[in-house]
1. Of all beta bridges DSSP finds with both residues in the chain, what is the antiparallel percent, to the nearest 5?
2. Which distance in nm do the two modelled labels at residue 428 and residue 193 give, with both placed 7 Å along the Cα-to-Cβ direction?
3. Based on DSSP H runs of at least 4 residues, each adding -39500 (n - 2.57), what is the mean residue ellipticity at 222 nm of the chain after dividing by all its residues, to the nearest 500 deg cm²/dmol?
4. Would you mind checking the radius of gyration and Dmax of segment 59-221 based on alpha-carbon positions, in Å?
5. Assuming R0 = 51 Å, can you tell me the calculated FRET efficiency for the pair residue 484 and residue 58, based on Cβ-Cβ distance, to the nearest 0.05?
6. So between residue 23 and residue 222, what do we pick up on full extension, going 0.36 nm a residue minus the alpha carbon distance?
7. To the nearest 0.05, what FRET efficiency results for residue 410 and residue 80 with a Förster distance of 56 Å applied to their C-beta separation?
8. Once you compute Rg and the Kirkwood Rh from C-alpha atoms, what is the Rg to Rh ratio for segment 161-244?
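Each value in this text was obtained by applying a stated rule to the coordinates, not by laboratory testing. Since this is a predicted model, take the numbers as computed values, not measurements. Neighbour counts run over all protein chains shown; Cβ positions are idealised from the backbone, glycine included.
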């Protein structure tokens with residue numbers, strides 16, 4: 001089967017525009033210029049984080065030379081009897097490993113991988129309770145090396161391992177850029193290994209660097225197959241003219257052109273084995289395109305609705321693993337296509353073709369950025385929330401923190417009015433986003449998805465859901481830097497049992513509160529419509545009150 005046979009584009013009235021874009025790219029040698037690292041595809045001048053962030057194009061070939069090293073390292077870890085792998089990281093450092101574990105699974109005899117990317121004390125406590133620190137290898141992953149969440153996780157678990165091991169450093173591995181502060185920390189603490197990653201690859205484009213491949217190797221995944229599948233689409237992007245034989249550029253032209261026509265919300269559906277993949281795509285698309293008042297909203301993990309639940313601002317993409325039936329998805333896609341929505345079907349011949357899709361969508365998102373006129377490799381608005389969180393932690397926020405407008409669940413009438421006033425601001429083309437600064441659990445996610453469905457169906461607008469601080473390193477750039485069409489529901493709680501961060505003067509509870517305040521202030525500075533609700537010491541009960549205030553009881 002040819003590569004093009006895995007992709008079926010049904011673009012309805014938008015087909016002519018997409019074909020026109022592909023013809024322009026053919027005439028202008030877009031594919032050749034991409035591989036030549038030509039910055040003029042995105043900007044007239046070679047901006048920072050542009051020409052020096054294109055190293056990901058060469059990864060499918062370059063990382064082949066590291067296969068033996070990765071396999072030997074994974075074998076040594078396995079032979080020493082490690083039972084758990086825990087990755088401490090955020091965003092680009094954590095999302096690909098999480099997808100690999102949930103999609104590929106750990107091979108027989110290999111340890112399973114757990115990802116910790118929440119600073120909520122309950123999440124940290126749950127992660128610690130699920131492992132034996134003496135039989136756990138910790139991957140401390142940060143491109144910059146100074147990610148506060150990651151270093152706080154390290155300090156906590158290093159303290160725990162020190163209680164059961166005379167050589168705690170042997171339980172830790174650093175994955176980071178050369179000469180970063182994390183590399184120095186690793187040397188100081190005698191880490192088992194430091195994997196240096198290429199500095200010319202940004203975090204969200206790093207799935208096929210050591211950030212993704214070290215965890216994949218440790219769980220026994222076939223990393224060679226991942227790279228081979230990525231090379232197939234890389235070669236098509238290199239040698240094929242834009243068109244059906246070059247599906248990555250076709251995807252890019254499609255997203256860019258449809259965004260310009262108001263179809264700026266890409267909704268993902270998957271067959272069961274691929275359920276985790278859209279979480280990785282979410283960061284890639286949102287953080288790459290959401291800036292300069294432009295942006296494409298990825299809608300991942302949104303529960304199915306009736307065809308009439310979806311507005312005319314969506315593009316739908318269905319991923320299916322060959323041989324895996326998904327009749328509910330297929331029925332919905334058919335109904336949406338009949339209503340004139342553009343839809344794309346993508347079939348993975350085998351599960352390792354996830355590598356093909358990762359590389360293909362990286363090309364597609366970079367190409368879409370050229371269409372909508374943004375620089376796809378920077379993230380200018382991410383730092384704002386970090387700076388404001390730091391101020392909140394240090395007490396420097398002053399009037400900014402005092403202006404925090406927070407509703408709680410003790411006054412039902414005030415809460416109902418606040419919810420009503422917030423929802424009524426929505427209009428066509430907007431979207432709702434629930435940002436939960438809470439500990440994640442299946443039960444909590446299910447209840448939050450109920451709110452998500454309610455908001456979508458009430459106003460026929462896209463609705464997304466994310467946990468903080470995880471989403472700050474994923475969709476946070478889009479919420480602040482993209483178009484002002486987000487209605488933000490920020491949910492926080494009161495920590496009942498806090499956890500100190502060793503070697504510091506703060507706690508995880510103080511950290512997550514400061515992060516939520518920092519993001520609130522950043523969103524307010526950007527003029528976003530935000531409603532902050534404190535669910536109290538019992539977030540489950542607080543959520544019940546909120547549901548009633550919304551009319552869900």
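1. If I count the DSSP bridges inside the chain, around 10 percent turn out antiparallel.
2. 5.6
3. Details: 21 runs with 245 residues, N = 553.
Estimated from H runs of four or more residues: -13500 deg cm²/dmol.
4. Expressed in Å, the Cα Rg and Dmax of segment 59-221 come to 14.3, 43.
5. Computed FRET efficiency for residue 484 and residue 58 comes out at 0.85.
6. 67.9 nm
7. 0.60
8. On the way: Rg = 17.3 Å, Rh = 15.2 Å.
Reported Rg/Rh, Kirkwood definition of Rh: 1.14.
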